[in-house]
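Contents: one structure, followed by commentary.
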């Protein structure tokens, strides 16, 4: 681990406050797929929601995000992964910027960007499959700073045709750098995934100055989250081989739990609840860890595990005392688990190979890979569907939610619809 000297002193920084309508990053305001919106209760879902606007787009699975009245998304245009900024109210394009060359894929998900951008204050951070990371001005797309995972950290792009033995050790550099960075205070934590120069790297979010590096794992596809666990502020990262907590100030690895899959397929974003972290993957099932601090040491202990709940590429949502999850396997059910012990309470079949879940108040917006959207009550008593709509095609991109509106991208269009009266 390499640590910048200036970060040995303690920093106490406020978290940036967001407008209630913002969906500024992967999985929303709190990076957990949930939002409270008392002004727009979801009590029904029309089979044909009111369309606000629609624009043609290129391929890719990166999700749209929204802040300060601007919507940012990424797609493939003329062989380049491209970031676009739109007026969220009209869909009018304000600017576009090339981020990196499109890379070749041989799988069902197709080509194009996979990593969801991040908006913070007057900046937006974007990342290509090949590991080109850029900080842009939200106003006009001007590049403020940039990092290349390959050129600067030796985390080179392999591609899924590579015969290099190193390609077997990393998912992200074989099938695309998917894991989204996260901002906390004046820092941004980026899953660079270099086994020689740092798994996780902290940068000054305004200048791009490296602050510290931590770990020697390759990354998988999972996004970074930040939380105070056991009284310690830490970045939680689900790597290709482990789950770890890293002190945000120093880069010290506070705890690390080995968790391995045969194909390095850790995709889901860790879910925080109090002092617990819940993760799921294709081999390990679903596991909840309790993080605590005793005698100066931070430890992670297994609170429970459900070995049957093996989720391939979807992330889970918690509403109250219950987890809602697609899975298990490639033909997903919608499953409700008791968050205190991991026991299954009910399940409903029919979600295909993927679904994103967005919890709005006490309801779930469940978008499956066919493009079908369901509105389901977040109830432990059983599956209670209260509406269904189908207005986009095949998609593996999660939607963005804002003030009763939903912004959804498929392989050829980006659509804004109004869900509430």
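The set of residues in the stretch 162-185 being crowded, with 18+ Cβ neighbours inside 10 Å and within 21 Å of residue 65 (Cα to Cα) consists of 176, 177, 178, 179, 180, 181, 182, 183, 184. Identify all residues within the stretch 304-324 that are assigned to a strand (DSSP E or B), crowded, with 21+ Cβ neighbours inside 10 Å and at pLDDT 95 or above; write none if there are none. Residues satisfying the conditions are 306, 317, 318, 319, 323, 324.
Testing residue 358 on (1) farther than 23 Å from residue 420 by Cα; (2) touching a residue at least 24 places away in the same chain (Cβ under 8 Å), one condition comes back false. Which one is that? Single failed check for residue 358: (1).
Mind checking whether some residue in the stretch 164-185 is touching a helix residue (DSSP H, G or I) at 6+ places or on another chain (Cβ under 7 Å) and farther than 14 Å from residue 221 by Cβ? So far as the stretch 164-185 goes, yes, one or more of its residues are touching a helix residue (DSSP H, G or I) at 6+ places or on another chain (Cβ under 7 Å) and farther than 14 Å from residue 221 by Cβ. When 63, 46 are checked against the criterion of being in contact with a strand residue (DSSP E or B) (Cβ under 8 Å, 6 or more places away or on another chain), modelled with pLDDT of 95 or more and surrounded by fewer than 21 Cβ atoms within 10 Å (Cβ to Cβ), a single residue qualifies: 46.
Within the stretch 246-260, work out how many residues are touching a residue at least 40 places away in the same chain (Cβ under 8 Å), surrounded by fewer than 23 Cβ atoms within 10 Å (Cβ to Cβ) and in a loop (DSSP other than H, G, I, E, B). Total satisfying the criteria: 3.
Hey, does the stretch 25-32 have a residue that's modelled with pLDDT of 95 or more, farther than 30 Å from residue 216 by Cβ and out of contact with any helix residue (DSSP H, G or I) (no Cβ under 6 Å at 6 or more places or on another chain)? Yes. Scanning the stretch 333-343 for residues that are in contact with a strand residue (DSSP E or B) (Cβ under 6 Å, 6 or more places away or on another chain), part of a loop (DSSP other than H, G, I, E, B) and at negative phi turns up 339, 341. Every test in (1) under 21 Å from the mean Cα position of the chain (by Cα); (2) at pLDDT 95 or above is passed by residue 102 save one, and that test is (2). So which residues in the stretch 134-161 are more than 16 Å from residue 210 (Cα to Cα), exposed (fewer than 14 other Cβ atoms within 10 Å of the Cβ) and modelled with pLDDT of 95 or more? Of everything in the stretch 134-161, those that are more than 16 Å from residue 210 (Cα to Cα), exposed (fewer than 14 other Cβ atoms within 10 Å of the Cβ) and modelled with pLDDT of 95 or more turn out to be 140, 142, 143. Out of 393, 382, one residue alone is at positive phi, in a loop (DSSP other than H, G, I, E, B) and either modelled with pLDDT of 95 or more or buried (at least 23 other Cβ atoms within 10 Å of the Cβ) (or both). It is 382.
Whether a residue is modelled with pLDDT under 95, more than 21 Å from residue 269 (Cβ to Cβ) and touching a strand residue (DSSP E or B) at 6+ places or on another chain (Cβ under 6 Å) was assessed, and residue 349 passes this test.
Scanning the stretch 25-43 for residues that are surrounded by fewer than 17 Cβ atoms within 10 Å (Cβ to Cβ) and touching a residue at least 24 places away in the same chain (Cβ under 8 Å), which turns out nearest to the chain's Cα centre (by Cα)? Within the stretch 25-43, the match that is nearest to the chain's Cα centre (by Cα) is 36. Which residues, taken from the stretch 344-379, are within 19 Å of the chain's Cα centre (by Cα), part of a loop (DSSP other than H, G, I, E, B) and surrounded by 22 or more Cβ atoms within 10 Å (Cβ to Cβ)? Residues satisfying the conditions are 354, 369.
Taken residue by residue, the stretch 223-245 has no member that is over 22 Å from residue 157 (Cα atoms), outside any strand (DSSP E or B) and within 18 Å of the chain's Cα centre (by Cα).
Sort through 332, 336 and tell me the only one that's more than 24 Å from residue 37 (Cα to Cα) and crowded, with 21+ Cβ neighbours inside 10 Å.
On inspection, the qualifying residue turns out to be 332.
The set of residues from the stretch 408-417 being within 18 Å of residue 354 (Cβ to Cβ) and part of a strand (DSSP E or B) comprises 408, 409.
The values are calculated or read from the model by the stated rules, or taken from the named source; none is laboratory data. Predicted model only: the values in this text are computed from it and were never measured. Note that each Cβ is placed from the backbone with ideal geometry, even for glycine, and that neighbours are counted across all protein chains shown.
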